[in-house]
Amino acid sequence: MPGEWWWDADTEQLYLWWNSTSRAAPPSVDTESNNTLAATQLQVLFNATGTQLAPIRNISFRGLGFRDTSHSVFYPHGAPSSGDWAIQRSAALFFEGTEGVEIDGCVFERLDGLGVFLSGYTRGARITRSEFAWLGETAVALWGYTRGSPVPGMGPDTTGGDQPRGTYIGQNIFREIGVVQKQSAAIFQAEAGLSTIEKNWIYNGARAGV
């Protein structure tokens with residue numbers, strides 16, 4: 001189909017079906033026109049992983065663009081509940097064991113996986129005035145750990161405090177979400193609490209808004 005590609009390993013040829021709604025010819029790939037094809041490899045562009053006892057504090061991203069991460073749909077996913085929803089604990093920007101993370105005025109575009117992940121112990125994260133467009137999976141995900149189940153990290157006991165809490169998500173645009181994985185959302189949270197989600201525009205998603 002238009003937009004799909006296939007790599008012939010025997011002949012080392014890459015075939016791409018050019019996708020053009022204007023019926024224009026595909027651009028030439030050469031050094032003079034500066035048109036290039038890029039093969040994405042990284043799922044995570046920035047990883048801040050601390051602990052509840054030694055958290056990483058006050059990381060800010062302001063006015064930055066993030067794009068072109070590789071897909072994560074075929075990599076291991078976890079089930080946050082007893083339902084059918086599954087999600088990968090990974091994203092272009094991944095945070096665990098953090099306090100005071102701020103993402104403001106940023107653009108997340110053409111990410112084949114997830115956009116932002118707040119995992120485990122995170123406190124007071126703010127995601128504001130940013131745009132998420134053409135993402136393969138969920139744009140913003142919050143997923144903590146609990147206790148009291150034979151499955152590590154799950155169960156009814158939240159007293160360990162190892163969950164995202166006090167997150168603010170406001171004044172963002174979410175569009176064209178779930179291009180690769182239907183089971184996606186603009187904003188997803190499980191085993192998280194005290195979140196404020198307000199004044200966001202969410203449209204053209206594959207399944208859930210929030």
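The values are calculated or read from the model by the stated rules, or taken from the named source; none is laboratory data. Everything numeric in this text was worked out from a predicted model, so none of it was measured. Every residue, glycine as well, gets a Cβ built from its backbone with ideal geometry; the counts of neighbours run over all protein chains shown. All accessible areas refer to the heavy atoms of the entire protein, side chains included, with ligands and DNA or RNA removed. Shrake-Rupley method; radii C 1.70, N 1.55, O 1.52, S 1.80 Å.
One table, with the values for the structure above:
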item: Radius, Kirkwood style, for the stretch 107-173 when every pair of distinct Cα atoms is counted (Å); result: 13.2
item: For the stretch 103-116, 3J(HN,Hα) per residue [Karplus equation, 6.51 cos²θ - 1.76 cosθ + 1.60, θ = phi - 60°, Hz, x = Gly/Pro]; result: 10, 9, x, 9, 10, 10, 9, 6, 9, 7, x, 8, x, 10
item: FRET efficiency, 1/(1 + (r/R0)^6) with R0 25 Å, evaluated for SER81 and LEU53 via beta carbons; result: 0.35
item: Amide proton proximity set for ARG126, modelled H, under 5 Å, gap of 5+; result: VAL101, GLU102, ILE103, TYR168
item: Solvent-accessible surface (1.4 angstrom probe) belonging to VAL73, in square angstrom, nearest 10; result: 40
item: Compactness of the stretch 1-138, expressed as Rg and Dmax over alpha-carbon positions, Å; result: 18.5, 57
item: Accessible area (Å², per residue) of the stretch 51-159, counting only protein heavy atoms and a probe of 1.4 Å; result: 44
item: Residues whose placed amide H lies under 5 Å from that of PHE108, excluding near-sequence neighbours; result: PHE66, GLU131, PHE132, ALA133
item: Radius 10 Å from Cβ of ARG123, net charge of other residues (Lys, Arg +1; Asp, Glu -1); result: +1
item: Gaussian network model of the chain, Cα within-10 Å springs - most flexible of ARG23, ARG67, ARG126; result: ARG23
item: Average Cα contact separation per residue, the chain, under 8 Å, 6 or more apart, as relative contact order %; result: 15
item: Sparsely packed chymotrypsin sites (Phe, Trp or Tyr not before Pro) within the stretch 43-76, loop by DSSP, other Cβ within 10 Å at most 13; result: PHE74
item: Among GLU109, GLU131, GLU12, residue whose mean-square fluctuation peaks in a GNM of the chain (springs only between Cα atoms under 10 Å); result: GLU12
item: Other-chain or far-sequence residues with amide H under 5 Å of GLY120's (modelled H); result: TRP143, GLY144, TYR145
item: At R0 = 30 Å, FRET efficiency that the Cβ-Cβ distance of TRP201 and ALA9 yields, to 0.05; result: 0.10
item: Proximal charge balance of LEU194 [Cβ under 15 Å; K/R count +1, D/E count -1]; result: -1
item: For the chain, built as a Gaussian network whose Cα springs stay under 10 Å, the top-fluctuating residue of ALA190, ALA79, ALA141; result: ALA79
item: The stretch 113-197, relative contact order in percent, only Cα pairs under 8 angstrom and at least six apart counted; result: 38
